[in-house]
Amino acid sequence: MSSRFAIELEKLDPEVPFRASQSHIHHTWARTFHSRPELYIRPQTLPEIQKIVTLARRMRRRVVTVGSAHSPSDLTCTSAWMVNLDNYNQLLNVDKGHKTMTVQAGIRMHALNQAAKDHGLTMPTLGSIDDQSIAGAIATATHGSSMSHGLLSDSVRSLRIVLANGQAVKCSPSQAPDLFRAALVSLGALGILVEIEFQMVDACNLEWVQTILPIEDMLAEWNKGLWISDEFVRVWWLPYTRRAIVWRASKTTKPLRTPEYNWYGGSVGYHTYHILLWISQYVPRVLPWIEWFVFGMQYGFKNGSSISAVEEQRNGLLMNCLYSQFVNEWSIPLSQGPEALTRLTKWIHGDEHGSGIPFSPKGVYVHSPIEVRVANTTNREPRPYLDTSYSETPSLYLNATLYRPYGQDPPCLQRYYEAFEHLMKEMNGRPHWAKNFHSVDHTYLSSVYGADLDGYLRVRNEVDPEGMFIGSWHRRTILPSRTEMSVFALEEKEVVRRVRKTGGSDWVGEQARWWDGGFNVFTKTNGSESEESFDLMAEAEASVLLEGLRDDETLDVGKRIREGEEEGFSGASVFDKM
């Protein structure tokens with residue numbers, strides 16, 4: 001670090017720790033991207049987080065917040081400062097009357113649900129995993145699969161966020177509602193989320209039944225009660241065998257019951273599938289056979305075969321992600337699902353004309369299955385500005401996963417995702433923010449989000465006028481071009497992306513003011529030392545949004561308790577549920 005860093009650090013309260021290292025190498029869970037932050041910082045208290053932001057502002061650095069890094073995209077990559085909140089993870093308060101829990105934002109969802117169990121509560125819905133921090137899941141619009149539930153952010157009652165000026169601001173539907181709508185799906189671009197008040201429900205057991213059906217039978221049920229047959233319903237679409245695995249679950253008072261034992265479902269099936277996927281890297285045409293064999297061995301070769309179990313809701317909604325993967329997921333109106341799935345299946349089977357997708361499917365073989373989930377947020381307010389669901393109709397989420405066997409990218413990646421995204425955009429689809437979409441920019445998002453995107457950017461630019469939380473992912477995806485919206489003073493630019501010998505990509509960034517010909521940020525301005533000028537600039541920011549929002553509430557550290565150890569629940573089987 002430069003000598004200026006030591007000077008600036010000495011000016012701040014020495015009683016507040018600055019827990020940073022320079023040796024951390026960051027990678028996504030799937031190891032699709034790697035980056036090396038200048039500093040990797042792990043705060044444990046709110047004053048520490050505020051100190052990080054103050055020092056970053058004085059040092060002219062971008063700040064990225066990261067949890068499990070389960071997103072396979074480069075959203076969390078940086079060469080600037082990375083803040084990990086895993087040690088900022090305490091349960092702060094339980095309101096049993098209103099069934100809410102207030103937690104520090106770094107708590108992982110499995111730890112939140114474990115702590116909730118002690119109070120007879122659980123989260124209303126989950127995605128496919130619970131390894132993410134609650135802040136990260138909310139920030140990227142994570143959802144489950146239910147006509148009774150929407151995004152996880154639907155259950156947020158209030159938030160506290162540290163903004164670029166170091167101020168900790170609380171927001172809710174009644175307090176700073178615009179900031180609340182932006183922060184519900186923030187994409188990490190507003191500040192550092194530090195506290196969440198979350199609506200829970202009574203803990204319960206779920207009985208789930210998983211059945212394999214011809215796709216014709218599943219499509220026949222589509223508008224005849226498929227999605228409302230149980231509280232939770234999801235489908236895995238097997239395009240080559242033209243079958244679907246339908247998973248349904250509802251609350252029950254029945255005792256816990258494990259799925260029927262299947263010798264193939266543990267390590268045998270896990271490694272067999274992985275090896276077969278690796279073989280398909282060199283002989284892609286075997287993938288239809290792999291689909292038939294792998295899913296037949298686990299779930300049955302005959303239509304109507306089923307598996308069932310009774311689990312606690314906090315476990316029963318989960319699945320195993322298996323291997324490193326790319327994930328491309330979009331939402332479209334539920335009513336367009338049959339058309340989308342039929343056209344995509346035709347394309348996968350080589351029928352370019354019948355699919356209406358103008359990309360050649362010749363030689364393209366894809367992985368299975370296509371995950372099909374639903375969410376319903378109709379008539380729910382307030383809505384996040386960047387809500388991936390629809391306000392006027394239930395939403396369908398289609399997930400095209402491609403595995404990376406032993407770290408290798410699949411040969412079908414580019415053309416399959418080009419075709420998939422073309423179909424989704426033709427239906428005015430909305431990309432899942434944490435996934436690997438390739439052809440999304442501000443122009444397209446403006447066409448599907450309209451005034452909501454404008455509202456999000458207005459709030460974002462007010463609370464972070466220098467772009468402390470902005471990187472190249474934001475610029476190429478949600479921000480207008482540089483000609484329409486100038487580069488922010490602290491915006492980070494991607495300068496290098498190179499393939500690693502061991503798989504994935506190295507990502508290297510650079511702070512904006514070093515590469516765009518801007519002034520030297522450490523020179524004196526108007527006779528004042530630069531760090532003083534930057535502090536005055538932040539304090540004097542004339543934002544209508546922030547007017548009168550100083551949060552004077554004091555966090556009562558005496559009420560904080562540590563969550564219990566994570567309960568081991570995964571067992572040996574990885575294939576019980578898809």
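The values are calculated or read from the model by the stated rules, or taken from the named source; none is laboratory data. Computed from a predicted model, the values in this text were never measured in an experiment. Note that we place each Cβ from the backbone using ideal geometry, even for glycine, and neighbour counts take in every protein chain shown. Just the protein is used for accessible areas: all its heavy atoms, side chains included, with ligands, DNA and RNA removed. Shrake-Rupley method; radii C 1.70, N 1.55, O 1.52, S 1.80 Å.
Kindly provide the set of residues from segment 314-356 that are out of contact with any strand residue (DSSP E or B) (no Cβ under 7 Å at 6 or more places or on another chain), small (G, A, S) and either closer than 21 Å to A141 by Cα or surrounded by fewer than 20 Cβ atoms within 10 Å (Cβ to Cβ) (or both), ordered by number. Hits for segment 314-356 are S335, G350, G354, G356. The conditions of being in contact (Cβ under 8 Å) with a residue 12 or more places away in the chain, part of a strand (DSSP E or B), open to solvent by 10 Å² or more (accessible area, probe 1.4 Å) and not acidic (D, E) are not met by T241. Each residue in segment 462-487 was checked for being assigned to a helix (DSSP H, G or I) and crowded, with 17+ Cβ neighbours inside 10 Å, and 7 of them qualify. For segment 188-234, a residue qualifies if it is within 22 Å of the chain's Cα centre (by Cα) and farther than 30 Å from D74 by Cβ, and the qualifying residues are E197, Q199, M200, F232, V233. Please verify whether E392 is in contact with a strand residue (DSSP E or B) (Cβ under 9 Å, 6 or more places away or on another chain), assigned to a loop (DSSP other than H, G, I, E, B), open to solvent by 50 Å² or more (accessible area, probe 1.4 Å) and more than 20 Å from Y323 (Cα to Cα), treating the condition exactly as stated. Criteria met by E392. Scan segment 257-299 residue by residue and report those that are within 21 Å of Y406 (Cα to Cα), over 29 Å from the mean Cα position of the chain (by Cα), touching a residue at least 12 places away in the same chain (Cβ under 8 Å) and surrounded by fewer than 13 Cβ atoms within 10 Å (Cβ to Cβ). Listed by number, the list holds a single entry, R285. Might you let me know whether segment 134-141 holds any residue that is out of contact with any strand residue (DSSP E or B) (no Cβ under 7 Å at 6 or more places or on another chain) and over 20 Å from S391 (Cα atoms)? Yes: one or more hits.
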